[in-house]
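The block underneath contains the structure these notes are about, expressed in C-alpha cells.
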Amino acid sequence: MSDRKRSGGMLAGVSGGVAVSMATAATVAVVIVALLAAAPLMLDDYWINILVLGFISSIVVLSLNVLTGYTGLLSFGQAGFVGAGAYTYGVLSVWGVHPLLAAIAGVALALVLGLLLGLPAARLKGHYLAIGTLGFGVLMAQSLNNMVDVTRGPMGLLGIRSFGWSHQVWYWAGLAISLALVALLHWIEKRTFLGVILKSVKYDEISAMSSGIAVFAVKLGAFCASAALAGFAGVLFASYVRFLTPDLFTSADSFRYLMMTVVGGAASAGGGWIAALVLTALPEALRGFGETNLRLLIYGATVLCVLWFLPQGVGGVLETCSARWRRSRGGAAVSTAAANAVATASSSTKHPAPDQQRSETLS
Amino acid sequence: MLVQILINGLILAGSYALVAVGLTLIFGVMRMVNFAEGQSVMVGAFIAFMVAPYTGYLISIGVAMIFNAGLGIIIERTAFRPFRGAELNGLIASMGLSIILINLAEIIWGTVPLSFDTPFNDVSVTIGSVGVSVQRLIVIGASVLLLGALWWLVEYSRLGRQFRAVSEDPEIAAAMGIDVNKISRASVVIGSSLAAAAGALSGPVNLLSPQLGQTEMLNAFAAIILGGFGNVNGTILGALFIGMVQSVASVYISNSYSMSIAFGLLLVTLIFFPRGLVPERLEENV
C-alpha cells in the first residue's frame, strides 16, 4: 500500500502536505516495528512463546492467502501440508540429519505433496475442491497416526533437534520472516503481473483462459507455492516446539487456519497476519475465565461477531482506513492517470467492497 | 460373517445418509455447506440420552428431533441468513458455531465418553447364524423410514416442490411467490432434525462424546461428493456405498484406516469424475 502512495505522490509532484504526512506515516511505522521488536524485552517467556506460535500460524495463513485469497481455490487440508513439513523435519532430525538439510527436505516434501494433490484438485471446482482437499487432510492425519514405525503415531515424536535459538531469537526470527512474507505477498498481489494473473483465475476462469492464461498451470503453481509455505511453517513449528503428535495436524486444525484467513479477510496478507496473531493469543488472553471450554466458547463467538460486523475481515478495515487516510491527505493530488493505471493493475484498489464480495463467492 | 458385515454396513450407511441428505438439502437450497451439521448429530444424541430414562427410547428420538428443529432455526439465523451470497463467510460462521456447540456440550456433559443403554441393546434376534441386537435393527429400520419420508416430502409434497424450485433458481422461485427465507429455514430445520435422528439412533451403538459429530460429518461429506451435491437420491446411494466399504474394510483391512479408505476412495473418484458420480447440472456462464 505504501508503495502506491509514494508513487502517487511522486507523480503529482511532492507538495509540502504530502511530505509531512509521509513523515507521520514513517514515524508510525517505525514506532510500531520498534514496539514489536522490543516486545521480547518486556514480555515474559510465556507470552513470547505464544507470539512465536502466532507468527508460525500466520505463515500458514499466508499460504492460504495465496491459494484461497488470491487464486480462489478453497483448501480444507492445509494442516496436512504443515504436518508433512513438520514430521519430515522431525523424523529426519531424530535420525541425526543436519537441521538445515532436514528443513529443506520438509519444505520439499510438502511441495511434492502440493503437486500431487494439485494435479487432480486443480480440475475440481468450488465445493468439490473443498471436500477433495478435506479428504487429503484426513488422509494425512490418519497416515501420521498409523505409520507408527516412522512417526511413532499417537505416542508422539520426541527428541527433535532445534535450530538452537533462544526464545528471544525465535521471536525476532518469526517476526522478521512473517512480516517479510506479508510484504512479499502484498507486493505480488498489488504490484506484479503475477498478481493480476492469479486474480483473473479467481474471478473469471473462462475469460482468463481466453486471454491466454494457462489456468491449470496457474492453479497447480498456486498449490505448490501454498504447500511449500505451509510446509515451511511446519518445519519452524517442529524445530521450535520439538515435540509432535498427529493431533496437531487434523482437519480441525485446517479449519482453524481457514478461520484465521477469513477473519483476516481472505485476500489480505496484512489482515491475515493480524488475525493469526490475535486468534492465537485470544484463547490465552481469556485464561482469566478459567475453564478451557468457556474460553473456546468466547473464541467461537468472537469469530461469529467478526463475520457479522466486519464481513470483509480485518483486511477490509485496513483497506478502508488506508483509503480514508489517503483521501484526507489530499487524494486530489494524485493524478487521475495514475489512479486509473493502479485501478487496472489491481481491481481491489478502487472498489474494495464489490471485489471482496466476489472473492467470497466461490466459483 | 457376511450377515455381520452387511448389518454393520447398513448401520453406518443409515446414519451417514441421514446426515448427508440434510447437508445436501441445505446445500441445494442455499448453496452453502453447513459445518454445524455434525454438531446437530451430537446434540441430538445427547438430548435423546437425557430424555430416554423418562420417556423411553423410541419417544426420545422424536424429542431430540423436535429440539433440533429449534436448534436449526437458531443455526439458520446466526450462520446462514446474514451471509447470503458470501458463501465462504457462511461456511466459517458455521464452523464458529460448531466450536460454540462443542464447547457448550463439553461444559454440560463433560468430555468422558458416556454409554447410552437402551432396553433394545440386550435383546437380540438370530438372522441366519448370527445374533443381531434389536437396537441395530431399529437403527436400520428407522433410517429407512425417515429417508423414505424425506424422499416423499421432496418428490410429492408442496414443500418439496418449493425446495426444488428454490434450488433450481432462487430468483425465479421468489418471483413466483415462494418465500425463499422460509424455505431456507425449513431446509435447515429438516436437516438438523434428521441429524438429531442420526445421533439418537447411532448413539446407543457407539459411545456418546461431544466430539462424535466430527467424524460423522466427514463421512457424510464423502457420501455427498460420491452422490453429487444437492441430489438426495444420489446422496443416499453414496452413503450406502461408503458405509458398506468401511464395514468390509474394517473386517479385512484395519479399523484405524476406515476413514482413510473412505476419503481415498473419494479422491480416486474425484480424479476420474471431477463432479461426482451423479453430476449436477452444469451452471457455467460464458
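The values are calculated or read from the model by the stated rules, or taken from the named source; none is laboratory data. All figures in this text were calculated on a predicted structure; none of them were measured in a lab. Here the Cβ is made from the backbone with ideal geometry for all residues, glycine too, and neighbour counts use every protein chain on show.
Things worth noting here:
- Qualifying residue in the range B:102-125 (condition: under 23 Å from residue A:275 (Cβ atoms), hydroxyl-bearing (Ser, Thr, Tyr) and touching a residue at least 40 places away in the same chain (Cβ under 8 Å)): no
- Answer from B:274, B:279, B:210 - the residue that is touching a Lys or Arg at 6+ places or on another chain (Cβ under 6 Å) and either within 14 Å of chain A (Cβ to nearest Cβ) or at pLDDT below 85 (or both): B:274
- Members of the range B:216-263 found to be within 13 Å of chain A (Cβ to nearest Cβ), touching a residue at least 40 places away in the same chain (Cβ under 8 Å) and more than 15 Å from residue B:20 (Cβ to Cβ), listed by number: B:259
- Checked against (1) within 17 Å of the chain's Cα centre (by Cα); (2) without any contact (Cβ under 8 Å) to a residue 24 or more places away in the chain, residue A:282 passes all but a single condition, namely (1).
- Residues (more than 7 Å from chain B (Cβ to nearest Cβ) and surrounded by 21 or more Cβ atoms within 10 Å (Cβ to Cβ)) located in the range A:296-313: A:306, A:312, A:313
- In the range B:72-85, residue nearest to the other protein chains (Cβ to nearest Cβ) [restricted to those that are more than 20 Å from residue A:298 (Cβ to Cβ) and buried (at least 22 other Cβ atoms within 10 Å of the Cβ)]: B:83
- Conditions (1) crowded, with 16+ Cβ neighbours inside 10 Å; (2) free of Cβ contacts under 8 Å to residues at least 60 places away in the same chain; (3) within 17 Å of residue B:194 (Cβ to Cβ); number of the one not met by residue B:96: (3)
- Residue selected from the range A:184-206 under the condition surrounded by 18 or more Cβ atoms within 10 Å (Cβ to Cβ) and within 14 Å of chain B (Cβ to nearest Cβ), by the criterion nearest to the chain's Cα centre (by Cα): A:202
- Qualifying residue in the range A:276-293 (condition: more than 9 Å from every other protein chain (Cβ to nearest Cβ), in contact with a His (Cβ under 7 Å, 6 or more places away or on another chain), crowded, with 24+ Cβ neighbours inside 10 Å and part of a helix (DSSP H, G or I)): no
- Only one of A:266, A:238 that is assigned to a loop (DSSP other than H, G, I, E, B) and either under 18 Å from residue A:174 (Cβ atoms) or in contact with an Asp or Glu (Cβ under 8 Å, 6 or more places away or on another chain) (or both): A:266
- Qualifying residue in the range A:219-231 (condition: under 22 Å from residue B:111 (Cβ atoms) and either within 11 Å of chain B (Cβ to nearest Cβ) or in a helix (DSSP H, G or I) (or both)): no
- Filtered residues of the range B:109-132 (kept if within 14 Å of chain A (Cβ to nearest Cβ), surrounded by fewer than 16 Cβ atoms within 10 Å (Cβ to Cβ) and closer than 15 Å to residue B:200 by Cβ): none
- In the range A:97-168, counting only helices (runs of 4 or more DSSP H) that sit wholly within it, the ones holding 2 or more residues that are within 11 Å of chain B (Cβ to nearest Cβ) and closer than 15 Å to residue A:234 by Cβ span A:126-146.
- Residue B:106 touching a Lys or Arg at 6+ places or on another chain (Cβ under 7 Å) and facing chain A (nearest Cβ under 7 Å): no
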